[in-house]
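Encoded as structure tokens, the structure appears first; notes follow it.
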Amino acid sequence: MSSPTFKSLVDTTFDSVEGYRKAAEKADSAQLKQALGQRVQQREQTLANMNAQLQQQGEELVTKGTMTGEAHQMWASITDMFESGDEAAAERVEEGEDYLKGKFESALDSDDLEPQERSVVQQCYAEICEGEQFGDMIEKQYD
């Protein structure tokens with residue numbers, strides 16, 4: 001059985017994949033579309049790693065968004081911002097990535113993860129940090 005903290009991280013990671021996918025569809029700049037598409041692929045791999053841990057624990061895979069909660073709302077607002085242009089959207093991607101990185105850090109700082117979950121979260125954290133750096137980069141580029 002997975003911990004609620006780990007399950008929440010998987011849900012939020014799924015929401016971020018969907019957010020990136022929608023953002024890539026709505027972006028105006030071809031360069032930004034391509035960069036967001038690459039982030040989708042990297043984040044999908046992170047999600048797959050986390051889902052593999054859920055499966056090992058006898059849990060259902062996360063294959064749909066939460067439709068509630070802060071993470072979903074944040075990523076939904078990111079994709080809505082593309083209607084206001086790439087600059088606004090880039091700012092929101094940066095906010096979403098900061099949120100996700102903070103959530104991973106809080107989980108790692110807590111005692112709420114099972115040992116095998118902690119190992120997976122530590123492995124996935126590197127990609128989450130890359131996403132946060134990507135958010136910072138595009139926010140500066142489109143600011």
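Please treat every number below as a calculation from the coordinates, not as lab data. Since this is a predicted model, take the numbers as computed values, not measurements. We place every Cβ from the backbone using ideal geometry, glycine too, and count neighbours over all the protein chains shown.
Data for the structure
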{"read-out": "Spin-label pair Gln45/Cys129, simplified geometry with 7 Å Cα→Cβ offset, distance in nm", "value": "1.6"}
{"read-out": "Of (1) 38; (2) 34; (3) 45, the label for percent of Cα pairs over 21 Å apart derived from the coordinates", "value": "(1)"}
{"read-out": "Relative contact order (percent, whole number), the chain, Cα cutoff 8 Å, 6+ residue spacing", "value": "32"}
{"read-out": "Virtual spin-label span in nm between Gln38 and Gln141, 7 Å along Cα→Cβ", "value": "0.8"}
{"read-out": "Sites Ser119 and Asp28, calculated FRET efficiency, Cβ-Cβ separation with R0 35 Å, nearest 0.05", "value": "0.30"}
{"read-out": "The chain: angle of helix 115-142 to the longest principal axis, Cα-based, in degrees nearest 10", "value": "10"}
{"read-out": "Of Lys26/Lys64; Lys33/Lys140; Lys22/Lys64; Lys26/Lys103; Lys7/Lys64, those spanning more than 18 Å from alpha-carbon to alpha-carbon", "value": "Lys26/Lys64; Lys26/Lys103"}
{"read-out": "Residue exposure sequence - Asp28, Asp111, Asp15 - by fewest surrounding Cβ within 10 Å", "value": "Asp111, Asp28, Asp15"}
{"read-out": "Angle between the chain longest axis and helix 69-81 axis [Cα atoms, degrees, rounded to 10]", "value": "20"}
{"read-out": "Candidates Gly65, Gly37, Gly85, ranked by Gaussian network fluctuation over the chain, Cα under 10 Å, top entry", "value": "Gly85"}
{"read-out": "Helix 4-26 vs. the chain, principal-axis angle (Cα, 0 to 90°, nearest 10)", "value": "20"}
